[in-house]
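The values are calculated or read from the model by the stated rules, or taken from the named source; none is laboratory data. Predicted model only: the values in this text are computed from it and were never measured. Neighbour counts are summed over all protein chains in view; Cβ atoms, including those assigned to glycine, are modelled from backbone coordinates with ideal geometry. The area values use the complete protein model at the heavy-atom level, side chains included, leaving out ligands, DNA and RNA. Shrake-Rupley method; radii C 1.70, N 1.55, O 1.52, S 1.80 Å.
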Amino acid sequence: MSKARVNGEVLEGVAATSLWTLRNRAVEAMNPRSDFEDPWSVRLYESIDYDFDRFGRPSQSHPLRAGAIDAAVRGYLAAHPAATIVALGEGLQTTYWRTGRPDVDWLSVDAAAVLDVRARLLPPEPRIIPLAVSALDRSWRDRVDPARGVLIVAEGLFMYLPPAEVLALIADCAQRFPGGQLIFDSIPAWFSRRTLAGLNLSDRYTAPPMPFHLSVTEAGRLATEIPQVVRAVDVALPPGRGLWRSRVLRRLSNLPPLRDRRPSLTLLTFAGHPGEARRATGRDLGGS
């Protein structure tokens, strides 16, 4: 089991991956050729004494994912200004500061050790409410007023959880939060198998097992398979640098069968009321 000590707290297993994604966001934000801005990730990265090189070479995937989620958060808040944002398994994410909405109610759900690190290294914010429970512990739902709207963010989380429990959580949220949304990322089956066999990012770090996987096509089917999920959209990442900016590669990645062999970011919309008609739209979702 990979462990990391941060300011006296031991982060192990999945919690330690928050340092991996933090490094990738900070390195990208410090690149003068990048459009990604994340000053608080840079401050965290520079203040933590840790062997970040054990995570291997930095990747643009995590900062681009963060940028796409930022856009989804801003979009939902534009339509629902009084909504609550629920960050499940938030880790060392800094989405709250990047979205530029200090007036939003933000529920940060994670293990006590992770929340303690956040409290020590990030600035106190009266609208951020830390809740030291598992994302699978439904008690966090009692802290949210469904009438005001809710966007649930599960960034870099679901792949580490048992598949049946992920699907049950999605169904519970769809039932509990009419008109709400859930955004989550997933990995393809082939990558999940690699992690189950032991995926070494370097000679000093093995990624935790990732049993949950969902292809783009499978994510689209959630809008017909889970009651109260009425829309599933494959969210495109913003252009990055180098090959991550290639329009040709982006088009190819959205063609079958390649689209089902890449990671995905899915935005689910829940029915506004029990009788709302289903619809599953998006560039390539809905099981078509």
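Can you list the equivalent-ellipsoid semi-axes of segment 124-240, largest first and in whole Å, using the square root of 5 times each Cα gyration tensor eigenvalue?
26, 19, 14
What is the distance in Å between the Cα centres of segment 52-88 and segment 23-46?
14
What order do you get for 196-205, 111-120 when each peptide is scored by the mean count of other beta carbon atoms within 10 Å, highest first?
Averaged packing, sorted descending, gives the order 111-120, 196-205.
Mean shadow of segment 8-67, computed from the convex hull of its alpha carbons, in nm²?
Average of the hull's projected areas for segment 8-67 equals 4.3 nm².
Here are some values of volume of the Cα convex hull per residue in Å³: (i) 125; (ii) 196; (iii) 172. Which one was computed from this structure?
This structure yields the entry labelled (i).
Roughly to the nearest percent, how much of the accessible area of segment 1-143 is carbon and sulfur, given a 1.4 Å probe?
Roughly 51 percent, rounded to a whole number.
Arg241 to Leu201: extension gain in nm, 0.36 nm per residue of separation minus the Cα-Cα distance?
Answer, rounded to one decimal: 12.2 nm.
With a probe of 1.4 Å, find how much accessible area the chain has per residue, and write the answer as a whole number in Å².
I get 45 Å² per residue for this part.
Modelling each spin label as a point 7 Å along the Cα-to-Cβ direction, I'd like the Asp103/Met30 distance in nm, to one decimal.
Between Asp103 and Met30, the label points sit 3.6 nm apart.
Only helices at least 27 Å long along their axis, Cα-based, and averaging 0.0 or more on Kyte-Doolittle count here, so list those DSSP H runs from the chain.
61-79
Between Glu225 and Glu165, what is the FRET efficiency for a Förster distance of 22 Å, r being their Cβ-Cβ separation, to the nearest 0.05?
Efficiency computed from Cβ-Cβ geometry: 0.85.
Contact order normalised by length for segment 27-140, with contacts defined as Cα pairs under 8 Å and 6 or more residues apart; what percent is it?
22
Provide the percentage of antiparallel DSSP beta bridges, counting only those with both residues in the chain; round to the nearest 5.
Just about 50 percent of them are antiparallel.
Roughly speaking, what is the stretch gain from Ala82 to Val133, that is 0.36 nm per residue apart minus the C-alpha to C-alpha distance, in nm to one decimal?
Length gained between Ala82 and Val133: 15.9 nm.
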